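Undergrad: After the structure tokens below, expect a handful of questions from me.
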Amino acid sequence: MENLHRTISSRSGLHEAGKAAWRYARFIVGFALCICLPNIYAQEIPVTERIAAAVLDVMPQGVAAGEAALVTELLKDELLQTNIYAIVEKQQLDAVIAEQSFQHFGLTEAERAVELGKILNVNIIFIGTLGKIQNVRILAVRMVDVETGEIVKSAIERDFSARDAYLAVRRVVQKLHGFALDEASIVIQTAERSDVGRYVMLYSGWSLGSLINYDVESVFKSGPVAGEPIWSGLAAEVKAKPRFPGVGLRLGAWKKWFGGDVEISALSYSSTAQSIHYDIAGYVRLNNEWYEVFLDTLVIPDNFQQMLALGFGGNFYIHIPSKIVQPYMGIGASLLMNRVTSDSAGPANVALKLQGVPLNSTSLGGAVQFLIGIKYPLPNQRFVYVEFRPARHLFSFVSGDGFQKERDRFTLQSFQLILGYGLIFK
Amino acid sequence: MLHIKMILVVALMANFGFAQADSTRNLAQAKAALSRRTAARNLFINTVILDVYFAPYSFIFGVALGGQSIVGGKSLNRANAVWATTSIAGMALSLLASNALTLEMREMLKGVGPEMGANDTRIYRIFSGGLSTASILDFQAESVFLGENGKPQWEAGAAEVKTTISFPAVGRRIGVSGHRWGGELETSIIAHHTNKQTVYYDATGFIRVPGLGEVPLALNDIEIPDRFLMIHSLFMGANVFVWLPKVKVEPYVGLGTGVLINSVQSQYPGPANLIQEDGSLALDATTVGFALRGLLGFRVDISDRKFVFAEFRPARYYYTYESGTRNLAENDRFTLQIFEVQMGLGFYIN
């Protein structure tokens, strides 16, 4: 047993700060060699100095027996790779188990392992369990000292997919022996290989946009032409500028080829100073009289109308799984809470130079968007992404005051370039 | 009539008190007889039955008491407070009765039985409150009388009428929360009233005015006072939601729909008859409507049994009722567009 501890300790010392003397010696003797051979498994130890050990079959708990059997083999292989142990052959182990099994009623697993170890004349027995709790895989391995019957070490690895079994076993063995964990590689591979990756992303991006098909009509229909809005008009385009970069939060999940997320976003625009070419015709009522009007141009000041669209929606996309970059494209839709404010009551009040209660409207709207982007995976379950997003936000609200009250509808067309940062969750 | 109602409530509560004692006595037998699934089902059924009785009863009772306050010359704020107190008291009575009748079920669900696994759904209760901003959209009114062309004698409409919240929304829910989804039954109340404003409306047709004959209607405006309409609603419905990936908090998104019991009260008979009847409730309509809403919120567990949540819910409540008197009687309908933020405390039963 003392030999065991000495051997393991010396192996662990390669990676521990406390073993400064050993590391210093290594540094002096072979700096280049140490750089070239970061994996301690590459060093050989004479077979005669290895510790005799046996690995009992890993017990399946809620997983397939075949999966547990495979993990057993992976465990043996990984233990052999350490060059610390001489593992007893499976046939020899099975024969002893078959012969002794009837004698072990009432013994704990550790006690049974000790009994088997004594018969097999080994120093160490490895016993393990592979199970699932709420779809989360757990691998637990214990190292039993046959001489004392004590569990000298144990290690657990959790939340890994079937594809990552090899990495999980490798990490368990590393934990048992105090070796440095090759975490980065596992994390990246886990994120890439996982059946389902769940993520949260924050993004922000600047955009270009304009209001198209700005459709206005009076809310009143009892004018000179009964049944029709007393006036109506259409502007093909109204120029607008973003007030602040669009921001958003996305929560979602992806599989190998596709993914989807739910998104909360905010986008704000305001109109710029311009002459709007309108096509307005109809009647207006002033001082209880009807006047026929035609309007072809409306001059509005800068920030005449401010728009804030708070979106709650979802996206669906297909992507190409890749270790380097993951291009994707998709489509999304959102329910919008649109807030439109202005120092003026509305376009009709401005056109007629009539004062009114400043516009302050909150209404429901909708948005559709296309997504074209690239995700770039980073270590430690993070990623960044760049996305180009053409979108259309639909606004419909009532503005104006007095008999100039009008129903406004327009589409905010935006072309957004987004930079985002994401975290992956299992 | 009021006294009779109060006696009824007291009698019912006494009955539930006996039920509680009885249910405690038989707890052991009930535990043996009920499976966890049955207990959960019974818990829901009992809660629904009690809510269906108590919530509308107390809501209508509250509306009646509030109306009596107005008739008695009390302030509109006081009338609103009376309504809110009565409605909340009714919901509390429902909760007490529910607690009494479902004691054995909740006791059974509290324990971890052999049927319970890590993937089992959790049953919870929520008490919530919230603030909202709302406005009336597409207010449409039409005469109840038909003209010679078979259409209403007159029609009028206003695109938007501004409102203010009169009392924070209050509600309670019981629901199940699974690994990926959840569903809940909700009972809640809201109260809004119209602001003082000039409403510009569109009108066609004519009104028959004694002495003047048929007076044609046209585009016009009307100055309405504060609380021209006092709107109270009881929502009884269901929400369903799906969980989003957990990020420290548990976000979710969902939809809800339900039946509304709507009360629209006013000291004026109706928009077409804007002569205030001081010290009286000229309009007091109670009707049934429906509601649609979206949900976006998140939960945070504060212990094994408790959680807090915040939720944003855009909603649309639909109202139809009859107002006005005599030849000015009219059918009104409008949509109350609400953007509400709710927060609350939840308790897991199992």
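Undergrad: First check a/c for the range A:280-346, with a ≥ b ≥ c the square roots of the eigenvalues of its C-alpha gyration tensor; if it is under 1.5, answer rounded, and if not, answer prolate when a/b is larger than b/c or oblate otherwise.
TA: Since a/c reaches 1.5 and a/b is larger than b/c, the shape of the range A:280-346 is classed as prolate.
Undergrad: Which residues in the range A:331-349 have a backbone N closer than 12 Å to a point placed 7 Å from the Cα of A:Leu286 along the Cα-to-Cβ line?
TA: Those under the cut-off are A:349.
Undergrad: Could you calculate the FRET efficiency of A:Lys353 with B:Phe206 from 1/(1 + (r/R0)^6), where r is the beta carbon distance between them and R0 is 51 Å, rounded to 0.05? Let's see the in-between values first.
TA: Values: r = 34 Å, r/R0 = 0.67.
About 0.90, to the nearest 0.05.
Undergrad: Another one. FRET efficiency for B:Lys74 and B:Leu345, Cβ-Cβ distance as r, R0 = 30 Å, nearest 0.05?
TA: With a Förster radius of 30 Å, E is 0.35.
Undergrad: On a full-extension model of 0.36 nm per residue, what is the gain between A:Val196 and A:Glu237, subtracting their alpha-carbon distance, rounded to one decimal in nm?
TA: Taking A:Val196 through A:Glu237 to full extension adds about 10.4 nm, to one decimal.
Undergrad: Hey, another quick one. Within 10 Å of each Cβ of A:215-222, how many other protein chain Cβ atoms are there on average?
TA: 5
Undergrad: So, R0 is 51 Å and r is the distance between the beta-carbons of A:Ala162 and A:Ser268; what FRET efficiency does that work out to, to 0.05?
TA: Efficiency, rounded to the nearest 0.05: 0.65.
Undergrad: Out of the range A:189-275, which chymotrypsin sites (Phe, Trp or Tyr not before Pro) are coil in DSSP terms and have no more than 13 other C-beta atoms within 10 Å?
TA: Hits after loop and neighbour filter: A:Trp257.
Undergrad: Got a sec to turn the phi values of the range A:294-302 into Karplus ³J(HN,Hα) couplings, 6.51 cos²θ - 1.76 cosθ + 1.60 with θ = phi - 60°, whole Hz, x for Gly and Pro?
TA: 9, 9, 10, 9, 10, 9, 10, x, 5
Undergrad: When the dipole is taken about the Cα centre of the range A:197-425, and only Lys, Arg (+1) and Asp, Glu (-1) are charged at their Cβ, what size is it in debye, to the nearest 20?
TA: 1320
Undergrad: How far apart, in nm, are the 7 Å Cα→Cβ label points at A:Asp215 and A:Ser396?
TA: A separation of 0.9 nm, rounded to one decimal place.
Undergrad: Arrange A:Asp279, A:Asp261 by Cβ neighbour counts within 10 Å, fewest through most, would you?
TA: A:Asp279, A:Asp261
Undergrad: Give me the number: length gained by fully extending B:Arg180 to B:Lys151, i.e. 0.36 nm times residue separation minus the C-alpha to C-alpha distance, one decimal in nm.
TA: That pair, B:Arg180 and B:Lys151, stretches by 5.3 nm at full extension.
Undergrad: Using a 7 Å offset from Cα along Cα-Cβ at B:Lys162, what residues in the range B:178-194 end up with backbone N under 12 Å from the label point?
TA: B:194
Undergrad: With the cut-off at 25 Å, tell me which of the pairs B:Lys74/B:Lys196; A:Lys375/B:Lys246; A:Lys375/B:Lys248; A:Lys175/B:Lys246 have Cα atoms farther apart than that.
TA: Too far apart for the 25 Å limit: A:Lys175/B:Lys246.
Undergrad: Could you work out how much longer the chain between A:Val136 and A:Leu208 gets when fully extended? Use 0.36 nm per residue separation minus the Cα distance between them, nm to one decimal.
TA: Result for the pair: 21.4 nm of gain on full extension.
Undergrad: State the Cα centre-to-centre distance between the range A:216-266 and the range A:338-407 in whole Å.
TA: 6
Undergrad: When we measure straight from the Cα of B:Lys151, which lysines land under 18 angstrom away, once same-chain ones fewer than 8 places off are left out?
TA: Within the straight-line limit of under 18 Å, B:Lys151 reaches these lysines: A:Lys221.
Taken together, the values in this text are just the output of simple stated rules run on the coordinates, not laboratory data. Only a predicted model underlies this, so the values are computations on that prediction, with no experimental measurement involved. No Cβ is skipped: glycine too gets one built from the backbone with ideal geometry, and neighbour counts run over all protein chains shown.
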